[in-house]
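Right, one structure below, let's go through it.
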Amino acid sequence: MFHPRERRACAVCGVPLVPLDKLPLSTDAMLEEGAPPPPEFELLPATYLGRGRGLLAILALAGMTAFFLPWVNVTLPDIVSYSGFALARRLGWVWAAGVAWLVLVPTVVSRRSIGKMRGARLAATLLAAIPGVTAVLLLARPPHGSHGVPLKFTFGYGLYAALALSVAAIAIAFRFGGRIDDIRVKRGTSQGQLVH
């Protein structure tokens with residue numbers, strides 16, 4: 001977009017400017033020319049469960065279920081159980097846990113290549129961490145009575161399940177997509193070629 005003598009770098013970000021014909025082909029352009037996509041961007045079946053994809057989706061679905069299990073069991077002044085959903089209706093910030101699980105499912109399921117799975121690692125890890133942070137905040141700063149009314153309660157198994165599922169999901173999401181040097185290709189081989 002600039003004349004070659006006009007600028008050598010972008011005025012905003014400082015990236016060196018080069019002619020378009022010197023840039024490597026994009027993935028779309030390579031496909032138009034008949035070149036196969038790189039192995040890490042080959043489309044995997046929708047039912048592919050490897051490289052943490054299936055396990056992370058199952059953990060996210062289990063986390064969504066844990067959001068509706070009892071998180072707090074109150075025994076005084078009333079006898080009532082609050083699920084994560086019920087707590088979120090009272091404490092708006094608890095919605096973060098349910099929304100994070102809900103968003104994690106399509107984030108994982110929509111990634112159908114190794115490259116895209118690896119690209120979503122950070123997002124998946126952060127989404128997996130949000131329910132754990134929510135549970136830790138509730139455990140660290142428990143509810144208290146107001147206006148002189150005493151409050152007695154115990155934390156429910158749903159809260160501990162959400163915390164455990166979050167920790168497990170973080171461990172899986174951190175390695176979502178697996179290693180890039182461990183890819184089985186459908187066609188071709190490097191046998192007999194010089195590999196750098």
(message) Keeping every protein chain present and rolling a 1.4 Å probe, give me the accessible area per residue for the stretch 1-132 in Å².
(response) 63
(message) If I build a Gaussian network model for the chain, linking alpha-carbon pairs within less than 10 angstrom, which residue out of Arg89, Arg111, Arg53 has the largest mean-square fluctuation?
(response) Arg89
(request) With a cut-off of at most 15 other beta carbons within 10 Å, and DSSP calling the residue loop, which GluC sites (Glu not before Pro) in the stretch 23-124 qualify? Please list them. (result) Glu33
(request) Hey, could you get me the Stokes-Einstein D for the chain, Kirkwood radius over alpha-carbon pairs, 25 °C and 0.890 mPa s, rounded to whole µm² s⁻¹? (result) 120
(request) In a Gaussian network model over the chain where Cα atoms closer than 10 Å are linked, find which of Leu127, Leu56, Leu91 has the largest mean-square fluctuation. (result) Leu91
(request) Using a 1.4 angstrom probe on heavy atoms only, work out the carbon and sulfur share of the accessible area of the chain in %. (result) 64
(message) Can you tell me the orientation of helix 121-140 relative to the chain, as the angle in degrees between its alpha-carbon axis and the longest Cα principal axis, to the nearest 10?
(response) 20
(request) Let me know the charge dipole size of the chain about its Cα centre in debye, to the nearest 20, where only the beta-carbon of Lys, Arg (+1) and Asp, Glu (-1) is charged. (result) 220
(message) Using the basic label-point model (7 angstrom from Cα toward the beta carbon), what is the Thr65 to Leu151 distance in nanometres?
(response) 3.0
(message) Within 9 Å, Cβ to Cβ, of Gly178, how many net charges do the neighbouring residues add up to if Lys/Arg are +1 and Asp/Glu are -1?
(response) +3
(message) Please check: in the Gaussian network model of the chain (C-alpha springs, under 10 Å), which one of Arg112, Arg90, Arg121 has the largest mean-square fluctuation.
(response) Arg90
(request) Quick one: angle between helix 95-109 and the longest Cα principal axis of the chain, in degrees between 0 and 90, rounded to 10, please. (result) 30
(message) Test of understanding: what is the full-extension gain from Ile180 to Glu6, defined as 0.36 nm times their sequence separation minus their Cα-Cα distance?
(response) 58.6 nm
(message) Using Stokes-Einstein with the Kirkwood hydrodynamic radius over Cα pairs, what translational diffusion coefficient do you get for the stretch 1-106 at 37 °C and a viscosity of 0.692 mPa s, in µm²/s rounded to a whole number?
(response) 169
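The values are calculated or read from the model by the stated rules, or taken from the named source; none is laboratory data. Keep in mind that this is a model prediction, so the values were computed, not measured. FYI the Cβ positions are ideal-geometry reconstructions off the backbone, even for glycines, and counts take in every protein chain you see. When the accessible area is computed, the model is the full protein with side chains, heavy atoms only, and any ligands, DNA or RNA have been set aside. Shrake-Rupley method; radii C 1.70, N 1.55, O 1.52, S 1.80 Å.
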